[in-house]
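The next block holds one structure in the form of structure tokens; read it before the comments.
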Amino acid sequence: MSKLRLSMACWNYDRTRALLEDRVPIDGIDLTYMNLPVEETFFRMLRNQEFDIAELSLSSYTMTLFRENPPFIAIPVFPSRSFRHSCIYVHSGSGIREPQDLIGKRVGTPEYQMTAPAWIRGILSDEYGVPVTSVNYFTGGEEQPGRSEKVPLHLPPEFRVQPIGPTQTLSKMLETGEIDAFYTARRPSTFRHGGGTVRRLFEDYPTVERDYFLKTRIFPIMHTVAIRREVYEKNRWIAQALYKAFVIAQKEAYEDLYETAALKFMLPWLPKHIEDTHALMGEDFWPYGLQPNLHTLSTFLRYSHEQGLSKRQLMPQDLFAPETFESFKI
């Protein structure tokens, strides 16, 4: 019997490489895996629904659930997770020395609805007393002019968000002091080559991020995996088949990290890094599935609602295909 031919756009991660290289079979599916950078995948899936399956921004995906006919349904797989204290950049002449100094300042963000800035705003509010509404936000391209929101915004008036000019970039505006700070996912070029004009707010970010995890037990989720809803509704077994395959691929990546006979990654002290991560976060430090992620997902969904992105606060189970919530036992 022929398999269902489906396309998937996802970046090349260690935890998905076994799918990219066709080493993990997917029950009933013949998969065409397109290795695309996240910005391209998100743009093409959210604007044109070009793929059957795609890695998607958790924030963008959540917002699509409020459409009259939601176009996607996700599975509880999270290709991207990241602590984001390291992603707050400030101009050295802005007077910003600690988080509360951000109040009243001009802050850039490529898109207000992006997942990384949503986490940053929520963390700054919860942990440092910086209300989301206390900042003036400027949106646009980080390195190239002309970037716009991938998902339309309908924000309450207390959120002050405006696009930058058609020839401006946020990276350059931070360097020149036209904005005071920048919440982003990608490290701006003016930090790498700016001669100290642009710096991180949290310079010892590994310590700050470890302390945050110890306090909250949250390892922020950035991306999930979404299926076009019409594809899912025709073959609802797809959700569980995909979930199983992603779990198997991730297991291979975990095992590669533990290999010491010959290091599979170009990190000289990888074994020590893994041992330290286990001690802090446990052996399954990048969990898939609904139950292990309830607290993290609930926190993000609260942020989405508090920041004017979600019309109401969703529950974690509202995000995912119910077929992925449990599996058979023997």
Can you list the lysines whose alpha carbon is less than 30 Å from that of K311, not counting same-chain residues fewer than 8 positions off?
-> K105, K150, K215, K234
Taking only DSSP H segments of four or more residues, each worth -39500 (n - 2.57), what value at 222 nm results for the chain once the sum is divided by all its residues, to the nearest 500 deg cm²/dmol?
-> -10000 deg cm²/dmol
How long, wide and thick is region 230-293, going by the Cα atoms along their three principal axes, in whole angstroms, largest first?
-> 48, 25, 14
Looking at the square roots a ≥ b ≥ c of the eigenvalues of the Cα gyration tensor of region 1-86, which shape do they give, rounded for a/c under 1.5, prolate if a/b is larger than b/c, or oblate?
-> oblate
M114 - accessible surface, heavy atoms, 1.4 Å probe, Å² rounded to 10 | 30
Contact order relative to length of the chain, as percent, for alpha carbon pairs under 8 angstrom and 6 or more apart | 25
Given the options K105, K150, K234, state which has the largest fluctuation in a GNM of the chain using a 10 Å cut-off (strictly under) for Cα springs.
-> K234
Residue-ordered couplings for region 235-251, obtained by feeding phi - 60° into the Karplus form 6.51 cos²θ - 1.76 cosθ + 1.60 and rounding to whole Hz (Gly and Pro as x), are 9, 5, 5, 4, 4, 5, 4, 5, 4, 4, 5, 4, 5, 5, 5, 5, 4
Ordering T277, T133, T167 by the accessible surface of their heavy atoms, 1.4 Å probe, largest first, yields T167, T133, T277
Under Karplus coefficients 6.51, -1.76 and 1.60, residue-wise ³J(HN,Hα) of region 200-213 in Hz, glycine/proline x | 7, 5, 9, 6, 9, 5, x, 5, 4, 6, 5, 4, 4, 5
Near the amide H of M34, under 5 Å away, which other amide H atoms are found, from residues 5 or more places off or on another chain, if H is placed in the peptide plane?
-> M8, A9, C10
For I26, what accessible area in Å² do you get when you roll a 1.4 Å probe over the heavy atoms of the protein chains, rounding to the nearest 10?
-> 10
Heavy-atom accessible area of W237 with all protein chains present, probe 1.4 Å, nearest 10 Å²?
-> 110
Can you sort S57, S298, S148 by 1.4 Å-probe accessible area, starting with the largest?
-> S148, S298, S57
Order R192, R200, most accessible first, counting only protein heavy atoms with a 1.4 angstrom probe.
-> R192, R200
For the chain, with a Gaussian network of springs between Cα atoms less than 10 Å apart, report the residue from H278, H305, H85 with the top mean-square fluctuation.
-> H278
In order through region 82-92: 3J(HN,Hα) via Karplus (6.51 cos²θ - 1.76 cosθ + 1.60), integer Hz, x for Gly, Pro | 6, 6, 10, 4, 6, 9, 9, 10, 9, 7, 5
Tell me which residues come under 5 Å, amide H to amide H, from R81 once H is placed; ignore anything under 5 positions away on its chain.
-> M222
Principal-axis tilt of helix 115-128 within the chain, Cα atoms, nearest 10 degrees | 60
From the square roots a ≥ b ≥ c of the eigenvalues of the alpha-carbon gyration tensor of the chain, which class results: rounded (a/c under 1.5), prolate (a/b over b/c), or oblate?
-> prolate
Indicate the gyration tensor shape class of region 172-281 (rounded, prolate or oblate), computed on the Cα atoms with a ≥ b ≥ c the square roots of the eigenvalues: a/c under 1.5 is rounded; otherwise a/b larger than b/c is prolate and the rest oblate.
-> oblate
Neighbour cut-off at most 16 other Cβ (10 Å), DSSP loop, chymotrypsin sites (Phe, Trp or Tyr not before Pro), region 51-154 | F66
Which residue, T260, T224, T115, tops the fluctuation ranking in a GNM of the chain built on C-alpha contacts under 10 Å?
-> T260
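The values are calculated or read from the model by the stated rules, or taken from the named source; none is laboratory data. Keep in mind that what you see is a predicted model, and the values were worked out from it rather than measured. Every residue, glycine as well, gets a Cβ built from its backbone with ideal geometry; the counts of neighbours run over all protein chains shown. Please note that ligands, DNA and RNA were not included when accessible areas were found on the heavy atoms of the full protein model with its side chains. Shrake-Rupley method; radii C 1.70, N 1.55, O 1.52, S 1.80 Å.
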